[in-house]
1. Checking Leu24 against (1) in contact with a His (Cβ under 8 Å, 6 or more places away or on another chain); (2) free of Cβ contacts under 8 Å to residues at least 40 places away in the same chain, which single condition isn't satisfied?
2. Kindly provide the set of residues from segment 61-89 that are of a type in the set (A, V, I, L, M), in contact with a helix residue (DSSP H, G or I) (Cβ under 7 Å, 6 or more places away or on another chain) and more than 17 Å from Val187 (Cα to Cα), ordered by number.
3. Name the single residue that is nearest to Ser252 (Cα to Cα) among those in segment 175-203 being without any contact (Cβ under 8 Å) to a residue 24 or more places away in the chain and outside any helix (DSSP H, G or I).
4. From the list Pro298, Pro302, which one is of a type outside the set (Lys, Arg), modelled with pLDDT of 95 or more and farther than 26 Å from Thr162 by Cβ?
5. Picking from Asp206, Asp225, which residue would you name as being more than 23 Å from the chain's Cα centre (by Cα) and either part of a strand (DSSP E or B) or of a type in the set (Asp, Glu) (or both)?
6. For segment 147-174, give me the residue count where each residue is of a type in the set (Asp, Glu) and without any contact (Cβ under 8 Å) to a residue 24 or more places away in the chain.
7. In the list Leu211, Leu245, Leu233, which residue meets the criterion of being of a type in the set (A, V, I, L, M), surrounded by fewer than 23 Cβ atoms within 10 Å (Cβ to Cβ) and out of contact with any Cys (no Cβ under 7 Å at 6 or more places or on another chain)?
8. Return the residue satisfying two criteria in turn: it lies in segment 277-321 and is part of a loop (DSSP other than H, G, I, E, B) and in contact with a strand residue (DSSP E or B) (Cβ under 7 Å, 6 or more places away or on another chain), and of such residues it is surrounded by the fewest Cβ atoms within 10 Å (Cβ to Cβ).
Amino acid sequence: MDDVVKGKRILVTGSAGVIGLEMLDRLMDRGGIVLSSDRYPIPARYNKLVTHLQRDLTAAPLYELYDFRPQIIFHLAAAFERSQESPAFWRVNWHDNALLSHNLIDLAKDLPALETFVFASSYLIYNPLLYTYDVPPNRPRFLKEDDPVSPRNITGACKYYTEHELQFVQDHYNPALRIINARIYRVYGHGSMDIISRWVRAAMTDQPVELYNKENCFDYIFAGDVAEGLIRLAENTQAKGVVNLGSGIPRSVQSISDILGIHFPEWPSLIKDLGTTERVECSCADLTKLKQTTNWVPTIDPEQGIQAIIQFESSLSQGEI
């Protein structure tokens, strides 16, 4: 399946992000010809290996992308906040999720060489009544691709709309286009703003943290596994439509805190427990379709992922990265 990527012209949006950098490494290892795009720069180590376009993709025209003639697009660029989004996020969401994706898809519909479009969607599309509760349930809800949808917030709504825009392009402009909407769960990784990375940085600097809804149960997936999963979906020509991409293993917020306590003995003293402040979430990805289409599942559990983040943050603080 590696031949699907080798020698192909591949566009990666959001390439400077936590998933994007993991993806660049893997695509280069597989022999892809990569154009990366982000409003931020990428590390200098990529300068001779990929072509980087540092610009805002909401600013048309996008001649550079059209001239590149991509055969595969991995659309990762997005903005997120916590599930209960703030008023300040409203404009950010419109710019970074709705408008950016629309501009890219408007370009994609006119790309004659485009074969595969892989979109980093979100599990926030599923109806939250499926996986949120007044009291903690006995087991989490394993969400399936055909479960009812009702986007949980404006980020989820934009993701769902983008999925439909891609379908519109396939229906009316490029029937041969293979579309993969990977509904991704709780991502964490090197240098990101996810809760695990923020907690690691707080523990390393003895900063207090607020803990609430420790009963919440999430599907945490390491950014490297997300990148690998997206590429494997692109490599398998039978993969298409909505596919869940998570670890498939539910972990409580309390269990994540306990792992940090193993690495940082002072961690418990840094925590201010606010109790249960909102409906309890207990969600996880059903990975049946992912397994069937890729013969692969994510391999990095939170214990390994947290250890990797600690090593990364330590190297960063010592100026080694």
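1. (1)
2. Those that are of a type in the set (A, V, I, L, M), in contact with a helix residue (DSSP H, G or I) (Cβ under 7 Å, 6 or more places away or on another chain) and more than 17 Å from Val187 (Cα to Cα): Leu62, Leu65, Ile72, Ile73.
3. Among those that are without any contact (Cβ under 8 Å) to a residue 24 or more places away in the chain and outside any helix (DSSP H, G or I), it is Met193.
4. After ruling out the rest, the residue left standing is Pro302.
5. Asp206
6. Adding up the residues that qualify gives 2.
7. Step by step, each of Leu211, Leu245, Leu233 is checked, and only Leu211 is of a type in the set (A, V, I, L, M), surrounded by fewer than 23 Cβ atoms within 10 Å (Cβ to Cβ) and out of contact with any Cys (no Cβ under 7 Å at 6 or more places or on another chain).
8. In this case the residue turns out to be Thr277.
The values are calculated or read from the model by the stated rules, or taken from the named source; none is laboratory data. What you see is a predicted model, and the numbers here were worked out from it, not measured in a lab. We place every Cβ from the backbone using ideal geometry, glycine too, and count neighbours over all the protein chains shown.
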